[in-house]
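All of the numbers you see were taken from the coordinates with simple rules; none came from a lab. These figures come from a predicted structure and were not determined experimentally. Note: ideal-geometry Cβ built from the backbone for every residue, glycine included; neighbour counts use all protein chains shown.
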Amino acid sequence: MKHLLILSVFLFNTAFAEIYKDYEPSEQHIQLTVIAVESNYLDDYLVNLNKTWVRSMEVMKELGHIVDYGVYTSDSANSPNVWITITYENMAAMQPNEDHYKEVNTLLEERYEESEEELNTISKGYEEIRKMVDNQIINKVNFK
């Protein structure tokens, strides 16, 4: 009987949890992309990703357009095996912005020697060795 009373109190308390009272979503939003890269091409994919996507993320972070980014891999041979994230200050920061686009591209052209043609070749080659599995916008839950 005592256990039944404790269980009913526990269920009663959790049944009425409220957002902003018991927990709240973070204002920061994370774009999570899940990728399946052919296992024999993972190293090549990461090296080329560094020449394209990572460079762009570094410039965007430096300019304050994003908070952070990350690339994660799995040690197992299972698929998917790569997760990439971009952390934005809030949903508004995710909106397309022509000035930001131009600013990032100008800095990339100034800093790196690869031609646009070479970078396009790298990007088009991705499709032969990877499959985009999922893309989500997620945010952290902060418990009180």
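For region 111-121, backbone phi angles converted through the Karplus equation (6.51, -1.76, 1.60; θ = phi - 60°) give residue-by-residue couplings of 8, 10, 8, 4, 6, 4, 5, 5, 5, 5, 4 Hz, Gly and Pro being listed as x.
Taking 8 Å as the Cα distance limit and 6 or more residues as the minimum spacing, I'd like the relative contact order of region 60-144 as a percentage.
Here the relative contact order equals 20 percent.
When a/c reaches 1.5 or more, the comparison of a/b and b/c decides; with that in mind, is region 63-109 rounded, prolate or oblate per its Cα gyration tensor? Note, shape of region 63-109 comes out prolate. Within straight-line reach of LYS144, meaning a Cα separation under 19 Å, sit the following lysines at least 8 residues removed in sequence or on another chain: LYS21.
Whole number please: convex hull volume per residue, Cα atoms of the chain, in Å³. Kindly include the intermediate steps, with their values, before the conclusion.
On the way: hull volume 22.5 nm³, N = 144.
Residue-normalised Cα hull volume stands at 156 Å³.
In the chain, Cα pairs under 8 Å separated by at least six residues give a relative contact order of 44 percent.
Applying 1/(1 + (r/R0)^6) with R0 = 30 Å to the Cβ-Cβ distance of LEU63 and THR121, what FRET efficiency is obtained, to the nearest 0.05?
On the way: r = 26 Å, r/R0 = 0.88.
The formula returns an efficiency of 0.70 here.
Charged neighbours of SER39, selected by a Cβ distance under 15 Å, balance to -3 (K, R count +1; D, E count -1).
Can you figure out the FRET efficiency of ASP75 with MET132, using R₀ = 22 Å and their beta-carbon distance, to the nearest 0.05? Once the sixth-power term is evaluated, E becomes 0.55.
Scanning residues 5 or more positions from VAL67 or on other chains, those with amide H under 5 Å from its amide H are THR87, TYR88, GLU89, with H placed 1.01 Å from N in the peptide plane. For LYS102, the aspartates and glutamates whose Cα comes closer than 16 Å to its Cα, not counting residues fewer than 8 places off in the same chain, are GLU58, GLU62, GLU110, GLU116. Beta-bridge orientation, the chain: approximately 95 percent antiparallel, per DSSP, counting only bridges with both partners inside.
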